[in-house]
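Participant: Dropping the structure in here first, questions after.
Since every read-out is calculated from the coordinates, none of them should be taken as a lab result. Everything quoted here is computed from the prediction, not taken from an experiment. Methodologically, a virtual Cβ is constructed for each residue, glycine included, from the backbone with ideal geometry; neighbour enumeration extends over all protein chains shown.
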Amino acid sequence: MVLLGVGGAARALAQADTSGQLQEIVVTAEKRQSTVQKTPMSITAISGAQLDDSGLVNLSSVAQETPGVAIRSAGPGQTEIEMRGLTSSGGAAPTTGFYVDETPVTSPAGANNGKVVIDPNLYDLNRLEILRGPQGTLYGSGSMGGTVKLLTNQPQLDTYGGSIEVTGSGTDGGGANGNINGAVNIPIFDNLLAMRLVGTELHNSGWIDRIVESNFPLEADYNPANLPPNVGGTIRGNVLGTPATKVYSDVNDEDLQGIRGSLLFQPTSNLTITPSFFYQRITQGGYDTFDSPPGKDAGPLAHYQPFDQAEPFADQFRLFSLVAKYEFEDFTVTSATSQWNREEKQTMDLSEDFQQLLILPFYAPASLLEVDTSQQVSQEFRVGSKGDGPFNWLGGVFYSRFQSTFTQQSYSDAYIPIVGINNLINELQPQTIRQYAVFGNASYQITSMFKVTAGLRFYDYKSTMGVNDTGVFATGTNAAFTVSDEETASGVTPMVSLAFTPTEDLTVYTTASKGFRPGGGNQLVPVGLCGPDTGAQFTYAPDTVWNYEVGEKARLFDNRLSINGAVYYEDWKNIQTQVPLPCGFFFTNNSESAGVYGSELEMTAKILPGLTVTASGGVTHAVYDETSSAGFVPGERIPDIPAYTADFSVVYDRPAFDDYDYVIRMNDSQVGSFVDYTFSQNRLPGYNLANFRVGLVSDKIGGFFFINNLANVRTALSDTNSLGANLPTLNRVATGQPRTIGVTMNYNF
């Protein structure tokens, strides 16, 4: 297998592959080197060269081509990843783990837009690994449904080189886009010290309009005399029939700046020390959401508002890490230390929300500013055996301290005549999660055909949350409500796997594994608006899942065909569920259980030298076993989980002239329908996305012409709460980029 080299965009196959065989990717899913075919778990691995050739530039595009993976997203930096039917909609912790090299990156604890991961640029990656199923033994809390790992290219001691990539494109209904990436590897002292730097600058035009209507219509069925308490009309007024005062076109434009760097210090052949840093900032002028009604087919993709209030978004992330490894004769000692911080700022227009909550016969200007700051310090120390003997083992300890502060503020003098004060809501809610863990994993080759693997992780955590709230929509007055709560738990997450390998080309395995995520504290539900009997508690407990899985990995026809599949059943207990209330607020509760089962299949065939066909898909049956506190009854689907996903791609890679190859890639991804809930349950239709790329490439120079979203599909990715309260009249629906046509050029040196 040839992995991505010193030039970040260098191709895995600098010359067209005439071997007629499939290439293998080295992975570290079990925290030791192996290959996809030899690792007994459901895993998708994509090399950096494959990311480049495929035009996969962000996590959303990768997720749409990966079986068993679903996303909720309101735009860059606002993507929540779900795997195998385990939605992250409730609680303060995700159900999917996320790693950058050795660093666990936890999503914000209190953000209204969900457990959103960072959205890194994928340039100059060595590979991306997607591990499906609970990874609680080796990766700890939050890895219930699976784990996503981004593995960057490391410095090389004896090679100077680099790459530059420039992309220009245009988006239908938007404007011009531009992206420049660069990577350089510099040996500083031969065989002692080297440095690698990667930089990114990106601009994507928007395609969502912001339309201001000064004579904004009231709900069509507005009649306060006939309405129940705390509920306005349920039918939004005709915003398409109301003249616009101002129109701001393409407000959801995105700018991204990023830099990543690392040093490799190797004072002896046995010792390597790698300090690294990563900085990225994303800004947007608005959300990737349109209003429904009127919906995606009745008019322009737009947000309609009674007052001119912009909705900017910013996401800034910094990571510092230090990884040290020492190779003894029989084992390797690894220390991974990291510290990161992240700040998300976002503003949302809430004039329509507050009119609804107060049942006003008019609108008054109001917007909400939310700031989510997160930081984490983590340390992992592990020791693992080396060699190809029948017995292999790994053990370690882990510590992390995660701190997240959720703040939101809304002040408007226009409400003084209405409610007596201008403080609509002012919330400060700090949360800390401290975790300790001890873990071990061992495998034994019982015979030439049978290998057993078992692991155990003991964890202990303490989650504390404070609440300091004032304002009309919190305490009702300027008087503060202050409380502090603590939730603790400890336990064990085991796993055991038995692999049967009758030949080098076939592995059949069965696995039982457990995962969990921590409990925590709820945001304040205002009694004045929601009443005293909401059922909300200050804290909620952890939830757990047991996964039972059978899978196979086969290579056929002299490694020209691979077929990897798995079927699984998950027993999810004490589910952390987000409960929406008629007053527009929500809280997390533990009450339900669910039985989730499904299957995943990935097939890759080298039909001819240079012609590769890949087909993959996943089916997920994720339903509640008992009545949900969010209103779902037994047999109804768990929200945000599509019933199926499917992907089909064809790549033709052949010599063209001199040292150049031509590459043609066609891809089609399908996502089935799913449900989510805001004020009520919503069913969103599935969608189909097709992409096309054609290019000429060599060792040094490459170029691609591409069309993404070939059919210009207006997707509905999720109904997002973002910052706004739930409304019976309106959903803001996240959508993906329309048809985009462009050219990418790269040069390696």
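Participant: Mind running the shape call on the range 78-218? Use the C-alpha gyration tensor, a ≥ b ≥ c as the square roots of the eigenvalues: rounded below 1.5 for a/c, prolate if a/b tops b/c, oblate otherwise.
Facilitator: Numbers: a/c = 3.00, a/b = 1.23, b/c = 2.44.
Since a/c reaches 1.5 but b/c is at least a/b, the shape of the range 78-218 is classed as oblate.
Participant: So, one more: Where the centre of each part is set by its Cα atoms, how far does the range 196-222 sit from the range 106-158, in angstrom?
Facilitator: 28
Participant: Based on the Cβ-Cβ distance from GLN445 to PHE328, what FRET efficiency comes out when R0 is 25 Å, to the nearest 0.05? Don't jump to the answer; show the numbers that get you there.
Facilitator: On the way: r = 22 Å, r/R0 = 0.88.
Rounded to the nearest 0.05, the efficiency is 0.70.
Participant: Also, I was wondering about something else. Taking the alpha-carbon distance from LYS573 and a cut-off under 13 Å, which aspartates and glutamates remain once sequence neighbours fewer than 8 residues away in the same chain are dropped?
Facilitator: ASP543, GLU592, ASP625, GLU626
Participant: Which cross-chain or sequence-distant (5 or more) residues have an amide H under 5 Å from the amide H of GLY68, H modelled 1.01 Å from N in plane?
Facilitator: It is GLY618, THR645, by chain and number.
Participant: Another one. How would you rank VAL650, VAL472, VAL483, going from fewest to most other Cβ atoms within 10 Å of each one's own Cβ?
Facilitator: On the way: VAL650 15, VAL472 25, VAL483 12.
So the ranking, lowest neighbour count to highest, is VAL483, VAL650, VAL472.
Participant: Show that you can apply the helix-only estimate: for the chain, add -39,500 (n - 2.57) for every DSSP H stretch of four or more residues, divide by all residues, and state [θ] at 222 nm to the nearest 500.
Facilitator: Working: 6 runs with 32 residues, N = 749.
About -1000 deg cm²/dmol.
Participant: Taking only C-alpha pairs under 8 Å that are 6+ residues apart, what is the relative contact order of the range 222-291 in percent?
Facilitator: Values: 64 pairs, mean separation 20.1, N = 70.
Once normalised by length, the contact order is 29 percent.
Participant: With the Cα gyration tensor of the chain giving a ≥ b ≥ c as the square roots of its eigenvalues, does the rule (a/c under 1.5 for rounded; else a/b larger than b/c for prolate; else oblate) give rounded, prolate or oblate?
Facilitator: Numbers: a/c = 1.74, a/b = 1.42, b/c = 1.23.
It is prolate, given that a/c is not under 1.5 and a/b is the larger ratio.
Participant: Pull out the extension gain between ASP558 and VAL166, defined as 0.36 nm times the separation in residues minus the alpha carbon to alpha carbon distance; nm, one decimal. Walk me through the numbers on the way to the answer.
Facilitator: Numbers: separation 392, 0.36 × 392 = 141.12 nm, distance 3.86 nm.
Using 0.36 nm per residue and subtracting the Cα-Cα distance, I get 137.3 nm.
Participant: So, one more: Taking the Cα-to-Cβ direction at ILE416 and at ILE188 and moving 7 Å from each Cα, how far apart do the two end points lie in nm?
Facilitator: My value for the distance between the label points is 5.9 nm.
Participant: Once amide H atoms are built 1.01 Å from N in the peptide plane, which residues 5 or more positions from LEU727, or in another chain, come under 5 Å H to H?
Facilitator: Amide H neighbours of LEU727, under 5 Å, 5+ apart: PHE679.
Participant: Taking the number of other C-beta atoms within 10 Å as the exposure measure, put VAL663, VAL438 in order starting with the fewest. Could you put the intermediate results ahead of the total?
Facilitator: Details: VAL663 21, VAL438 13.
In increasing order of surrounding Cβ atoms, one gets VAL438, VAL663.
Participant: Now for a separate question. Just want the ordering: MET745, MET348, from fewest to most Cβ atoms lying within 10 Å of their own Cβ.
Facilitator: Details: MET745 15, MET348 27.
Result, fewest neighbours first: MET745, MET348.
Participant: What is the Å³ per residue value for the convex hull set by the Cα atoms of the range 24-129? Could the numbers behind the result be given before it?
Facilitator: Working: hull volume 11.3 nm³, N = 106.
Normalising the Cα hull of the range 24-129 by residue number yields 106 Å³.
Participant: Find, among the GluC sites (Glu not before Pro) in the range 500-559, those assigned to loop by DSSP (not H, G, I, E, B) with at most 11 other beta-carbon atoms within 10 angstrom. Mind showing how you got there, number by number?
Facilitator: Details: sites: GLU504, GLU549, GLU552; in loops: GLU504.
Those that pass, being in a loop and sparsely packed, are GLU504.
Participant: If you don't mind, there's one more thing I want to ask. Which one of GLN284, ASN748, VAL623 is farthest out on the positive end of the charge dipole of the chain, using unit charges on Cβ (Lys, Arg +1; Asp, Glu -1) and the Cα centre as origin?
Facilitator: ASN748
Participant: As a quick test, which of the pairs LYS296/LYS700; LYS325/LYS345; LYS246/LYS296 have an alpha carbon distance above 32 angstrom in this structure? Provide the component values of the computation, followed by the final result.
Facilitator: Working: LYS296/LYS700 44 Å; LYS325/LYS345 38 Å; LYS246/LYS296 20 Å.
Result: LYS296/LYS700; LYS325/LYS345 exceed 32 Å.
Participant: Over the Cα atoms of the range 281-354, what radius of gyration and what Dmax do you get, in Å?
Facilitator: Reported Rg and Dmax, both Å: 22.8, 71.
Participant: Which value in nm describes the separation of the simple spin-label points at LEU218 and HIS203, placed 7 Å from the Cα toward the beta carbon?
Facilitator: So the two model labels end up 4.5 nm from each other.
Participant: Run the simple label-point estimate for ARG434 and PHE381 please: 7 Å along Cα→C-beta, distance reported in nm.
Facilitator: Placing both labels 7 Å beyond Cα along the Cβ direction yields 1.8 nm.
Participant: Calculate, for TRP546 and ILE259, the FRET efficiency according to 1/(1 + (r/R0)^6) with r their C-beta to C-beta distance and R0 25 Å; round to the nearest 0.05. Don't skip to the end; give the middle numbers.
Facilitator: Numbers: r = 42 Å, r/R0 = 1.69.
Between TRP546 and ILE259 the formula returns 0.05.
Participant: Quick one: Karplus J couplings for the range 602-611, per residue in order, coefficients 6.51, -1.76, 1.60, θ = phi - 60°, nearest Hz, x for Gly and Pro?
Facilitator: Ordered by residue, 3J(HN,Hα) equals 10, 10, 10, 10, 8, 5, 9, x, x, 10 Hz.
Participant: Still on this structure, I have one more. Quote to one decimal, in nm, the extra length available between ILE359 and PHE458 on full extension: 0.36 nm per residue of separation minus the C-alpha distance between them. Could you put the intermediate results ahead of the total?
Facilitator: Values: separation 99, 0.36 × 99 = 35.64 nm, distance 5.15 nm.
Length gained, ILE359 through PHE458: 30.5 nm.
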